[in-house]
Amino acid sequence: MTAKDMMFRVLVRVMAFLKKDVSDTRQKMIYAATMRKTADEMDKDQLGQLIRYFSHALDKAVRCENTSAGRGMEKKRILSSALDEWQRRGYAEGPDKLWARETLEQYDRWNAGAGKLTQPVPDDVDYPVIGSTDIFNIIEGRKSVRFWKKKPVERDKIEKMVRAATFAPSSCNRMTWRFFIVESGMDKVVEGDSTNKSMLEKAPVRIYLAIDERMYPEIYAPALDAGFALQNLVLAAHALGLGACLMYHSESVNQAKLKSELNIPAHYMIYCAVMLGYPAEAPSTTARVAVNEVITYVDKPNGSAGVDCFAD
Ligand SMILES: Cc1cc2nc3c(=O)[nH]c(=O)nc-3n(C[C@H](O)[C@H](O)[C@H](O)COP(=O)(O)O)c2cc1C
C-alpha cells in the first residue's frame, strides 16, 4: 500500500467517525431539549410519543418484583400529566391512550403490593395460538415476549427464521447482515423479570444481528437493513410459535468488548439482539396508535417536488 493510500484510508476513517459522532451528539441534544419540556409545552406528536414511551416503561416495570418503593413513580407522574394534557386539549383517545390509562391502574396495583403482574403460560399449553397464517394476522398477533419456558429452540426453527430474515429487502441488495447465535443452557431459564439484564441471563436463544459496514457510502442504510431483517425474523418467530423481544444494542453497548466476547470480527456493527424462546407469559397487549393520528395525505405537490431534494 502506498503512503497516499494509507493517508486516504486514515482520512476516510476519521471522516466516518466524525460524521457518526456529530449525528449522535445532535440527536442527544434534540432529545434533551424535548425531555426538558413539560407536557403543556409539547406539540401533539411529542405528547403522543411521551405517553407511549412512559406507558411502555411502566408496563415493563410491573413485570418485575417491586423491591424498591417508589420505583417508576416519577414516570407515572409525567405520564399522568401527559394524559391530562391530551384530554385538556380535547384530542381523541385512540387505543394507545386507553392502554396508557390501563398501565397507570396496573402500576398503582403493583405499587400497592400486588406482586409481579404477569400472566404465566403453563408448560403444557402452546402459546401463541396462531389463528391463521394470513400476513395481517401474523403482523398484528406478534408481541414482545420477555419470559420463556425451559424448552430448547430447535435449530431448524432458528434457521427458518434466519432464512425469513434474508428475504428482507436490503439496500443495493448488499445483504451485509450476519446472525450470531448463542444458545443458552436451559438451567438459566429462571422466571426472572422483564429487565434487559434478566432477559440476557435467561433467554434460551440470543441472536445478535450485526452488519458488515464496509460497503456503505450511506449513513442510515446499515440501520435500515438491520431493521428490515429483524422485522422478518420476529414475524417468523411468531409464526413458528416462538416469542421474541428485540434488545437495542448499537451505541448502547461496548461494541469492542461484546465483539471480542462473541468472536465477531471488528468490522461488524452489532445493531440489535433478539431474545428468543417458547413463551412462558402472555405478553401485554400494547395497543397501537390510531391510524388517523399517524397518516397525512399530502396535497399533490407542484412540479417535481422531491426529485430535486437529493444532496449533491
Ligand atoms: C429498535 C428496538 C429496540 C428495542 N429494545 C428493547 C430493549 O432493549 N428492551 C426491551 O425490553 N424491549 C425492547 N424493544 C421492544 C419494544 O419495547 C416493543 O417492541 C414495544 O414496546 C412494542 O411492544 P410489542 O413489541 O409487544 O408490540 C425494542 C424494540 C425495537 C424496535
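Laboratory data are not the source of any read-out in this text; all were calculated from the coordinates shown. Computed from a prediction, not measured in an experiment: that's the story for all the values here. Note: ideal-geometry Cβ built from the backbone for every residue, glycine included; neighbour counts use all protein chains shown.
Can you tell me which residue among THR103, THR118, THR34 is touching a residue at least 12 places away in the same chain (Cβ under 8 Å), surrounded by 14 or more Cβ atoms within 10 Å (Cβ to Cβ) and assigned to a loop (DSSP other than H, G, I, E, B)? Let's see the steps before the verdict.
Working: THR103 fails: assigned to a loop (DSSP other than H, G, I, E, B); THR34 fails: assigned to a loop (DSSP other than H, G, I, E, B).
Matching residue, one of THR103, THR118, THR34: THR118.
Please specify each residue of segment 43-53 satisfying the condition of being within 16 Å of the ligand (Cβ to nearest atom) and either free of Cβ contacts under 8 Å to residues at least 40 places away in the same chain or surrounded by fewer than 18 Cβ atoms within 10 Å (Cβ to Cβ) (or both).
Result: GLN49, LEU50, TYR53.
Any idea which of ALA164, ALA168 is more than 16 Å from the ligand (Cβ to nearest atom) and closer than 27 Å to ARG288 by Cα? Step through it out loud before you land on a result.
Numbers: ALA168 fails: more than 16 Å from the ligand (Cβ to nearest atom).
Result: ALA164 is the single residue among ALA164, ALA168 that is more than 16 Å from the ligand (Cβ to nearest atom) and closer than 27 Å to ARG288 by Cα.
For segment 71-92, indicate whether the set of residues that are within 16 Å of the ligand (Cβ to nearest atom), buried (at least 18 other Cβ atoms within 10 Å of the Cβ), in a loop (DSSP other than H, G, I, E, B) and in contact (Cβ under 8 Å) with a residue 24 or more places away in the chain is non-empty.
Yes - at least one qualifying residue is present in segment 71-92.
Could you figure out which of (1) hydrophobic (A, V, I, L, M, F, W, C); (2) in contact with a Leu (Cβ under 7 Å, 6 or more places away or on another chain); (3) over 25 Å from LEU47 (Cβ atoms) isn't true of ALA114?
Only one criterion in (1) hydrophobic (A, V, I, L, M, F, W, C); (2) in contact with a Leu (Cβ under 7 Å, 6 or more places away or on another chain); (3) over 25 Å from LEU47 (Cβ atoms) is unmet by ALA114, namely (2).
To keep it simple, each residue is scored yes or no on (1) under 21 Å from VAL62 (Cβ atoms); (2) surrounded by 13 or more Cβ atoms within 10 Å (Cβ to Cβ); (3) among the hydroxyl-bearing types (Ser, Thr, Tyr).
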position: ALA112; (1), (2), (3): yes, no, no
position: GLY131; (1), (2), (3): no, no, no
position: ILE139; (1), (2), (3): no, no, no
position: GLU154; (1), (2), (3): no, no, no
position: ILE158; (1), (2), (3): no, yes, no
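Within the group ILE270, ILE264, ILE295, which residue is more than 16 Å from the ligand (Cβ to nearest atom) and in contact (Cβ under 8 Å) with a residue 60 or more places away in the chain? Break it down stepwise before answering.
Working: ILE270 fails: more than 16 Å from the ligand (Cβ to nearest atom); ILE295 fails: in contact (Cβ under 8 Å) with a residue 60 or more places away in the chain.
Result of the check over ILE270, ILE264, ILE295: ILE264.
Identify, from the list GLU251, GLU218, the residue that is in a helix (DSSP H, G or I) and within 24 Å of LYS28 (Cα to Cα). Steps first, please.
Working: GLU218 fails: in a helix (DSSP H, G or I).
None of the others qualify; the one that does is GLU251.
Mind listing whichever residues of segment 259-299 are more than 19 Å from PRO222 (Cα to Cα), of a type in the set (A, V, I, L, M, F, W, C) and surrounded by 11 or more Cβ atoms within 10 Å (Cβ to Cβ)?
Narrowing segment 259-299 to residues more than 19 Å from PRO222 (Cα to Cα): 260-263, 275-299.
Filter again for of a type in the set (A, V, I, L, M, F, W, C), leaving 262, 275-276, 280, 282, 287, 289-291, 294-295, 298.
Selection gives LEU262, MET275, LEU276, ALA280, ALA282, ALA287, VAL289, ALA290, VAL294.
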